[in-house]
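Colleague: Have a look at the structure that comes next, please.
The values are calculated or read from the model by the stated rules, or taken from the named source; none is laboratory data. What you are looking at is a predicted structure, and each value in this text was computed from that prediction instead of being measured. Quick reminder, even Gly has a Cβ in these numbers, built from the backbone with ideal geometry, and neighbours come from all protein chains shown. The protein model used for the area step is the full one, side chains on, heavy atoms only, and it has no ligands, DNA or RNA in it. Shrake-Rupley method; radii C 1.70, N 1.55, O 1.52, S 1.80 Å.
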Amino acid sequence: MSVINSQTSEIRGGFSLNSMMSDASPEVFDTFKQGWEARIGDGFRLPTFSATVKGNFRVKTRATRVHDAAITDVRSASSIQTSGAVSEVDDQVRIWVMRRGEWALDGTREHGQYVVVAGSLLLRHVGRPSNFKVAPHTEGKIVVLPADLTGP
């Protein structure tokens, strides 16, 4: 496992984590969470992850924050699933771009579930982020922007 800090200021920072090896320890998730909270910050709070994720968190990720935007590259060897959506966040627009695998997002009553598959993208005004499930061997990029930057 490796964690690299490249933080340069309060409004710009980032980190990397690689826990892809098959013997990743349960502490890897805690390392990821601490890195995210310290370097990406409050405007991009993490959801609650399922207990199985915390014990088998095999990912390679790089996250960067520049002012009000966050960009995260994720490559997962294991499944990733949330069990509690984030509350108390600013209105956001998110873009999911999948290179491999799939990222499933809980939808609304009107739209059901969204599934972003390899070779596609989803641009969505999220308001409050929803739960998600990432299939093993998924690779993609998630860009988060404040909704007011994108206009009506």
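Colleague: What list of ³J(HN,Hα) values in whole Hz, one per residue of the stretch 61-69 in order, does the Karplus curve 6.51 cos²θ - 1.76 cosθ + 1.60 (θ = phi - 60°) give from phi, with Gly and Pro shown as x?
Modeller: These are the phi-based 3J(HN,Hα) values: 9, 9, 10, 9, 10, 10, 6, 9, 10 Hz.
Colleague: A further question on this structure: Given a Förster distance of 30 Å, report the FRET efficiency between ILE95 and ALA38 from their Cβ-Cβ distance, rounded to the nearest 0.05.
Modeller: 0.75
Colleague: Next up: Quick one: which residues, 5 or more positions from SER78 or on another chain, have an amide H under 5 Å from its amide H? H modelled 1.01 Å from N in the peptide plane, none for Pro or chain starts.
Modeller: ARG58, HIS137
Colleague: Right, here's the next one. Express in Å², to the nearest 10, the accessible area of GLU37 obtained by rolling a 1.4 Å probe over the protein heavy atoms while all chains stay in place.
Modeller: Roll a 1.4 Å probe over it and GLU37 shows about 100 Å².
Colleague: Can you run phi through the Karplus equation (6.51, -1.76, 1.60; θ = phi - 60°) for the stretch 70-77 and list ³J(HN,Hα) in whole Hz, with x for Gly and Pro?
Modeller: In residue order, the calculated couplings are 10, 10, 10, 9, 10, 10, 10, 9 Hz.
Colleague: Suppose accessible area is computed on protein heavy atoms with a 1.4 Å probe; arrange THR31, THR82 from highest to lowest.
Modeller: Of THR31, THR82, the descending order of accessible area is THR31, THR82.
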